[in-house]
1. In segment 62-112, which residue that is among the polar types (S, T, N, Q) and under 12 Å from the mean Cα position of the chain (by Cα) is least open to solvent (accessible area, probe 1.4 Å)?
2. Quick check, is Arg34 open to solvent by 40 Å² or more (accessible area, probe 1.4 Å), of a type in the set (Lys, Arg) and over 13 Å from the mean Cα position of the chain (by Cα)?
3. Just to be sure before I move on: is Leu59 crowded, with 22+ Cβ neighbours inside 10 Å and either modelled with pLDDT of 95 or more or aliphatic (A, V, I, L, M) (or both) in the structure I sent?
4. Looking only at segment 1-21, count how many residues are within 20 Å of Leu102 (Cα to Cα) and surrounded by 15 or more Cβ atoms within 10 Å (Cβ to Cβ).
Amino acid sequence: MLLATRFGFDRDDRMLLTRQAIEQELAVGPLVYRYSGAAQEEGAFVACSCWLVEAYAFLGEVDRAKEKLGELLKPLGNNFGILNEQIDPATGSGLGNMPQGLSHLALLHAIFSIQENCT
């Protein structure tokens, strides 16, 4: 659902509420799980965490998107090295597949979404 904003779908109040619900239900700080209950099964999904940044940017909250990106870079190692598929929010350990191309692509899209929406 967070990707819907990138493709121009529903950038109104309904998507703002959806983003808020996703963040409230699935986020631990800057990290976002893929679905409810995932915390008992896996780590937070790096791509979903990046998509949250995008949703802020495309919904007109670019400054908040920048803040979210800055928060997200900390558990990612604040560099553009090899990214994991998932991160354990409690320990910061990388989990899942590594390297994960989707994580890299999602991070780049998050950065570009901020650039695209700066006025």
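The values are calculated or read from the model by the stated rules, or taken from the named source; none is laboratory data. Note that the coordinates shown come from a computational prediction; the quantities given were computed from them, not determined experimentally. No Cβ is skipped: glycine too gets one built from the backbone with ideal geometry, and neighbour counts run over all protein chains shown. Surface areas here come from the heavy atoms of the whole protein model, side chains and all, with no ligands, DNA or RNA. Shrake-Rupley method; radii C 1.70, N 1.55, O 1.52, S 1.80 Å.
1. Of the residues in segment 62-112, the ones among the polar types (S, T, N, Q) are 78-79, 84, 86, 91, 93, 97, 100, 103.
Pick out the ones that are also under 12 Å from the mean Cα position of the chain (by Cα) and you get 86, 103.
Values: Gln86: 17, Ser103: 2 Å².
That would be Ser103.
2. Working: open to solvent by 40 Å² or more (accessible area, probe 1.4 Å): yes; of a type in the set (Lys, Arg): yes; over 13 Å from the mean Cα position of the chain (by Cα): no.
Considered against the rule, which asks whether it is open to solvent by 40 Å² or more (accessible area, probe 1.4 Å), of a type in the set (Lys, Arg) and over 13 Å from the mean Cα position of the chain (by Cα), Arg34 comes out as no.
3. Details: crowded, with 22+ Cβ neighbours inside 10 Å: no; either modelled with pLDDT of 95 or more or aliphatic (A, V, I, L, M) (or both): yes.
Criteria not met by Leu59.
4. Pass one, segment 1-21, residues within 20 Å of Leu102 (Cα to Cα): 1-7.
Narrowing the set further to residues that are surrounded by 15 or more Cβ atoms within 10 Å (Cβ to Cβ) leaves 2-6.
Selection size over segment 1-21: 5.
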